[in-house]
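Take a look at the structure set out below.
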Amino acid sequence: MSKETGSINEKKKAIDLFHLCSPLFLAMGDTVRQQLLLDIADCSEKGCNVAELTGKTRLSRSAISYHLKILKDSGLITARKKGTQVFYFLHLDENFVIIRELVDTLQRLIAVKTRQLDGSGKPGLKNQGEQQIP
């Protein structure tokens, strides 16, 4: 496989990964949902119900439920019913594997472009003052 074909395949992979990650980015892009994720994380393995989350915010139960639905639909949280209550838990591992794969793919694309620009054919940076981020 040629370098150009490999680069095209990496770009296609990146586009596919962006599509997979879009719901996650949209869900995490709202400050209320960011706070809810942190609040649910504070509840650890016991989970949080809507009443607990409402007590931690100034939002109504219906507003909390709206945001929880978005987080649940994106796969960032799961819900388990215990009696008459629903408890929410973080579900991040699988989602962040996809995000990590997107970041890795983008880094490979940048490395290929950098090698093309500096003409060395080796990984490196054209501007020696820049640092690579692992």
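Counting pairs of Cα atoms in region 53-113, how many percent are more than 19 Å apart? If you can, show how the numbers build up before the last one.
Details: 906 of 1830 pairs.
Of the Cα pairs, 50 percent sit more than 19 Å apart.
I need the phi-derived Karplus couplings for region 66-77: 6.51 cos²θ - 1.76 cosθ + 1.60, θ = phi - 60°, integer Hz, Gly and Pro marked x.
4, 5, 5, 4, 5, 5, 5, 4, 7, x, 6, 9
Of K12/K69; K56/K82; K56/K81, which ones are farther than 23 Å apart at the Cα? Before the final figure, lay out the partial values.
On the way: K12/K69 30 Å; K56/K82 21 Å; K56/K81 21 Å.
K12/K69, as the Cα separations exceed 23 Å there.
For the pair R61 and E101, what calculated FRET efficiency results from E = 1/(1 + (r/R0)^6), where r is the Cβ-Cβ distance and R0 = 25 Å, to the nearest 0.05? Please report the intermediate quantities before stating the final value.
Details: r = 37 Å, r/R0 = 1.46.
Rounded to the nearest 0.05, the efficiency is 0.10.
With the alpha-carbon atoms as the only input, what is the per residue convex hull volume for region 8-86 in Å³? Mind showing how you got there, number by number?
Values: hull volume 7.9 nm³, N = 79.
Spelled out: Cα convex hull of region 8-86, divided by residues, is 100 Å³.
No value in this document is a laboratory result; all are computed from the given coordinates. Owing to the predicted nature of the structure, the values given are computational and were not obtained by experimental measurement. Positions of Cβ are backbone-derived with ideal geometry, glycine not excepted, and every protein chain shown enters the neighbour counts.
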